[in-house]
Amino acid sequence: MIKAPYHDRLQRAQQMMAEINLDVLLITNRENLIYFTGLTQIECLAVIIPRQGEPCAVTLWLDAGYVGNETGIKTYGYQFPGESLVSKTVEQIKAYGYTEPSIGFERYFVGFAVYDTLRHHFPENGFKNAGDLFYRLRAVKDAGEIEYMREAGRIAVQGMAAAVQAVVSGVRELDVLAEAEYAMLKAGSGGSPFRPQVVSGSRSLLTHPCASSKKIETGEIVVIHLGATYEGYCAKLCRTVAVGDIGDDKRAVYELLLKAQTAAVAALKPGIAVAEVDAAAREIVEACGYGKSFLDVIGYGVGIRQSEFYPIIGKGRNERIEAGMVVDLLLPTIYRQDIGGPRVTDCIYVANNGSELLTNYPRQLMQAY
């Protein structure tokens, strides 16, 4: 028997498959494998969900007993090199009785060998993008998922405390990151869910920067964006440190963003449209004349990924916040070369009785020398 809560998740997936006329969901991506099995210590695994009937798993024969015992999902082993993950997957899809199935794929990468073998056995016009299905399914968390994310938040906060303490003029960005990563690993993190950011000066305006060997200088801001994982689930936060005197303009920008974040978090409640949450922050930014220097998206869902793509909190979006969601706010800075760069971001759990900050760390502009 498939164990809880994975039985319920698999059943909900089948209900959503019926709504969009999918015959099979093929899951090979680590994130969704964690969601449907709870396993984080496994490679070479696929889960096959038929629209009707019992899902199954395929893995190396050495691990088949472990997967089956841990999950309760009927698991078939393959013996490499005579067999492969995809050859056994094809065998099981056919065993369900499908000859021309519509197969839903995850949003991200599918290995060419997997795709190539599948298209030699099934019509390619039946291959569908099921990325939205997975994100919608994962958007509302159960109590166990929230506990994992609380723990990830606690760990991430320890990393932030270590990073802030390490910031001084003359130290490298990488040295600050090393202190943060060490603190998080010691606290129980399974690793960062993204390339962590410790960026200073003009580098804070890059789109996706990461820590480098650049030395931090007096008069610069340092943006620290960290994440931690626990049992496959993540939490993240971003803070800004001023090194010496950064000038009144940059301080004012940080205070503006902090005010906008506070307003957006206050607006979070079940049933509210994400566009209204965005507007709560955007109105504050626009009132100060920075609307054209602010992104159209201010937050995402958070869960197994650091940025789940449901809900997306932004201008003109039509998703609605639901109880059980976890979102991060406030992603953007003010994108202006002269004053931009400071940032503040937190993970917030939306419950029926109010919101809970999962990354509880001081939010004021930090000061270093």
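Across segment 80-235, Cα-Cα distances exceeding 21 Å account for 62% of all pairs. Rounded to the nearest angstrom and listed largest first, the equivalent-ellipsoid semi-axes of the chain from its Cα gyration tensor are 41, 23, 18.
For LYS186, the lysines whose Cα falls under 22 Å of its own Cα, not counting residues fewer than eight places away in the same chain, are LYS236.
Ratio of alpha-carbon Rg to the 2.2 N^0.38 Å globular estimate for segment 273-326, to two decimals, please. If you can, show how the numbers build up before the last one.
Values: Rg = 11.8 Å, N = 54, 2.2 N^0.38 = 10.0 Å.
Computed over Cα atoms of segment 273-326, the ratio equals 1.18.
Here the chain carries DSSP beta bridges of which approximately 75% are antiparallel, counting only pairs with both residues inside. Across segment 111-150, Cα-Cα pairs more than 15 Å apart make up 62 percent of the total.
For segment 158-300, taking Cα atoms only, Rg and Dmax work out to 16.4, 48 Å respectively.
Give the average over all directions of the projected area of the C-alpha convex hull of segment 183-248, one decimal, in nm².
Working: hull surface 20.8 nm².
The directionally averaged projection comes out at 5.2 nm².
Report, in deg cm²/dmol and to the nearest 500, the calculated mean residue ellipticity at 222 nm for the chain, where each DSSP H run with n ≥ 4 adds -39500 (n - 2.57) and the sum is divided by the residue count.
Working: 10 runs with 133 residues, N = 369.
That comes out to -11500 deg cm²/dmol.
Considering only DSSP beta bridges where both residues belong to segment 1-130, give the percentage that are antiparallel (nearest 5).
Taking every DSSP beta bridge within segment 1-130, about 45 percent pair in antiparallel fashion.
Charge dipole (Cα centre; +1 on Lys/Arg Cβ, -1 on Asp/Glu Cβ; no other charges) of segment 254-369 amounts to roughly 120 debye. Considering every alpha-carbon pair of segment 36-89, the percent of pairs per 10 Å bin, from zero through the bin containing the longest distance, is 26, 58, 16, 0.
Across segment 214-369, Cα-Cα pairs farther apart than 27 Å form 22% of the total. In this structure, the amide hydrogen of TYR76, modeled 1.01 Å from its nitrogen in the peptide plane, lies closer than 5 angstrom to those of ALA57, VAL58, THR59, counting only residues at least 5 positions away or on a different chain. Suppose a student asked you for the relative contact order of the chain, using Cα pairs under 8 Å spaced at least 6 residues apart; what percent would you report? In percent, rounded to a whole number, it is 14. Between LEU118, GLN79, ASN129, the Cα set farthest toward the positive side of the dipole of the chain (charges on each charged residue's Cβ, about the Cα centre) is that of ASN129.
Could you please put SER192, SER307, SER202 in sequence from largest to smallest accessible area, using a 1.4 Å probe?
On the way: SER192 45, SER307 20, SER202 90 Å².
These residues rank, largest area first, as SER202, SER192, SER307.
About the centre of its Cα atoms, the chain shows a dipole size close to 240 debye [charges on the beta carbon of Lys, Arg (+1) and Asp, Glu (-1) only; nearest 20 debye]. Ranking VAL350, SER200, VAL274 by Cα position along the charge dipole of the chain, where only Lys, Arg, Asp and Glu carry charges on their C-beta atoms, puts SER200 farthest toward the positive end.
Reducing segment 136-165 and segment 48-108 to their Cα centroids gives an inter-centroid distance of 31 Å. Take the alpha carbon atoms of segment 292-313, find their center, do the same for segment 314-369, and report the distance between the two centers in whole angstrom. Here the answer is 10 Å between Cα centres.
For ALA187, the shell of other residues with beta-carbons less than 10 Å away shows a net charge of +1, using +1 for Lys and Arg and -1 for Asp and Glu. Taking a sphere under 14 Å around the Cβ of VAL167 and counting the other residues whose Cβ falls inside, with K and R at +1 and D and E at -1, yields a net charge of -1.
The residues packed around GLU356, meaning those with a beta-carbon under 13 Å from its beta-carbon, carry a net charge of +2 if Lys and Arg are +1 and Asp and Glu are -1. Of the three principal axes defined by the Cα atoms of segment 305-359, the extents in descending order read 42, 26, 21 Å. Given axes a ≥ b ≥ c from the Cα gyration tensor, I'd like to know whether segment 23-120 is rounded (a/c under 1.5), prolate (a/b larger than b/c) or oblate. It is rounded, given that a/c, with a ≥ b ≥ c, falls under 1.5.
As a length-normalised measure over Cα pairs under 8 Å and 6 or more apart, the relative contact order of segment 160-213 settles at 36 percent.
The values are calculated or read from the model by the stated rules, or taken from the named source; none is laboratory data. The structure displayed is predicted, hence computed values, not measured ones. Note that we place each Cβ from the backbone using ideal geometry, even for glycine, and neighbour counts take in every protein chain shown. All accessible areas refer to the heavy atoms of the entire protein, side chains included, with ligands and DNA or RNA removed. Shrake-Rupley method; radii C 1.70, N 1.55, O 1.52, S 1.80 Å.
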